[in-house]
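Before any comments, here is the structure.
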Amino acid sequence: MFKRYRKLLALLAAPVVIAGCNDYEFTAPPHTFDLDTMYKGIGLGETLQLNAIGADGNPVQVTWTSDDPNIAKVSATGLVTGVSGGGPVGIIARSVANPNESQAASITVLKGFIKSISGATGAEAVYTIDVPAGAKKLTVTIAGGTGDVDMYVRYNAVPTGSGDNCKSEKAGNGESCTITNPQAGKWYILTYAYEAFAGATLTVLYEN
């Protein structure tokens, strides 16, 4: 009886084993284009041009959409603009020839901006950032490069060197200002080249 039962089980299991060996073959759909940028961080108000490139190296006609235009919007030609800090946001390119095929770039919009700066002795430059209500901190730093640049930060007006919210006048390019609970609105950053400087990086970011 036991042998019969074991034989019956083997017969019942056989189709399952056979079925398990019959794997499905999956053919991936044809991949005809890529984006020249897949991951990128951009600053507020900054732009980034995306391009769809075919396997032959030529441009491919696509339509462009954004997962969240309130953070990063995209034009009909693939020009992405940082609207507000956040992300990542998917910027989707869909083939005109084959609407079922699409590619996406992941874009993060910084809560501020990062710029390379330089200047001759005595040169001044002004930068601005719009800080939203409820921001807990505004941080402005300069670092790297050669020479000596100073920095001044002021709310709602161009800094003058007197009565500013913050100033940093260290030797070299190691400048830093931190504003706690900054007022909502436009903040101005003035850089002044105490000596000619080059290769420095200005970073302006706020935190919610």
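The values are calculated or read from the model by the stated rules, or taken from the named source; none is laboratory data. Note that this is a predicted model, so its numbers are computed, not measured. Note that we place each Cβ from the backbone using ideal geometry, even for glycine, and neighbour counts take in every protein chain shown.
Some values worked out for this structure:
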{"item": "Residue satisfying condition, being closer than 23 Å to K186 by Cα and without any contact (Cβ under 8 Å) to a residue 40 or more places away in the chain, within set Y127, Y155", "result": "Y155"}
{"item": "Residue ID - nearest to G43 (Cα to Cα), chosen from residues in region 69-106 that are touching an Asp or Glu at 6+ places or on another chain (Cβ under 7 Å) and of a type in the set (G, A, S)", "result": "G82"}
{"item": "Matching entry among V131, V126, V158 (being exposed (fewer than 14 other Cβ atoms within 10 Å of the Cβ), in contact with a Pro (Cβ under 9 Å, 6 or more places away or on another chain) and not acidic (D, E))", "result": "V126"}
{"item": "Residue count for region 174-197, restricted to those that are surrounded by fewer than 15 Cβ atoms within 10 Å (Cβ to Cβ) and not in a strand (DSSP E or B)", "result": "4"}
{"item": "Single residue of A157, A135, A143 found to be of a type in the set (A, V, I, L, M, F, W, C), modelled with pLDDT under 95 and within 20 Å of G112 (Cα to Cα)", "result": "A135"}
{"item": "Evaluation of N208 against (1) closer than 17 Å to S116 by Cα; (2) among the polar types (S, T, N, Q); (3) touching a residue at least 60 places away in the same chain (Cβ under 8 Å) (one fails), failing number", "result": "(1)"}
{"item": "Strands (runs of 3 or more DSSP E) wholly inside region 69-158 containing at least 1 residues that are under 29 Å from T32 (Cβ atoms)", "result": "72-74, 79-82, 86-95, 102-109"}
{"item": "Yes/no for A171 being in a loop (DSSP other than H, G, I, E, B), more than 23 Å from I42 (Cα to Cα), more than 24 Å from the chain's Cα centre (by Cα) and assigned by TED's automatic domain parsing to the domain that holds T47", "result": "no"}
{"item": "Boolean, G163 is modelled with pLDDT under 95, surrounded by fewer than 14 Cβ atoms within 10 Å (Cβ to Cβ) and not in a strand (DSSP E or B)", "result": "yes"}
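So that you can scan it fast, the table gives a plain yes or no per residue for (1) without any contact (Cβ under 8 Å) to a residue 40 or more places away in the chain; (2) of a type in the set (S, T, N, Q); (3) surrounded by fewer than 18 Cβ atoms within 10 Å (Cβ to Cβ):
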{"position": "F33", "(1), (2), (3)": "no, no, no"}
{"position": "E46", "(1), (2), (3)": "no, no, yes"}
{"position": "I71", "(1), (2), (3)": "yes, no, no"}
{"position": "G85", "(1), (2), (3)": "no, no, no"}
{"position": "V89", "(1), (2), (3)": "yes, no, no"}
{"position": "I92", "(1), (2), (3)": "yes, no, yes"}
